[in-house]
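So the structure is just underneath, and the comments pick up after that.
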Amino acid sequence: MAERKLRITWVKSAIGYGRDQKATIRALGLHHLKETVEHADTPAIRGMVFKVQHLVQVEEVEDIA
């Protein structure tokens, strides 16, 4: 069965934004601009992405495992 994942890429600097948004970027596992991570598509991850949607690019991918 295919599991849905989110591919999250950090595309805009967090300089000038609040500590909470910077902490959310770090909690998503992003450390450098243009870095990409994959996470399972869960409500918690969706909420984190919503909070920093102006700083990241998100793609839905199917994980064939």
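The values are calculated or read from the model by the stated rules, or taken from the named source; none is laboratory data. Given the structure is predicted, the values throughout are model-derived calculations rather than measurements. Cβ placement follows ideal geometry from the backbone for every residue including glycine, while neighbour counts extend to all protein chains displayed. In case anyone asks, the SASA skips ligands and DNA or RNA and just uses the protein heavy atoms, side chains included. Shrake-Rupley method; radii C 1.70, N 1.55, O 1.52, S 1.80 Å.
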The number of residues in the stretch 47-65 that are in contact (Cβ under 8 Å) with a residue 12 or more places away in the chain, open to solvent by 80 Å² or more (accessible area, probe 1.4 Å) and within 16 Å of R7 (Cβ to Cβ) is 5
Here the residues within the stretch 3-34 that are open to solvent by less than 50 Å² (accessible area, probe 1.4 Å) and of a type outside the set (S, T, N, Q) are K5, L6, I8, W10, A14, G18, I25, L28, G29, L30
| task | Return yes when A27 is modelled with pLDDT of 95 or more and among the small types (G, A, S) and no when it is not. | result | yes
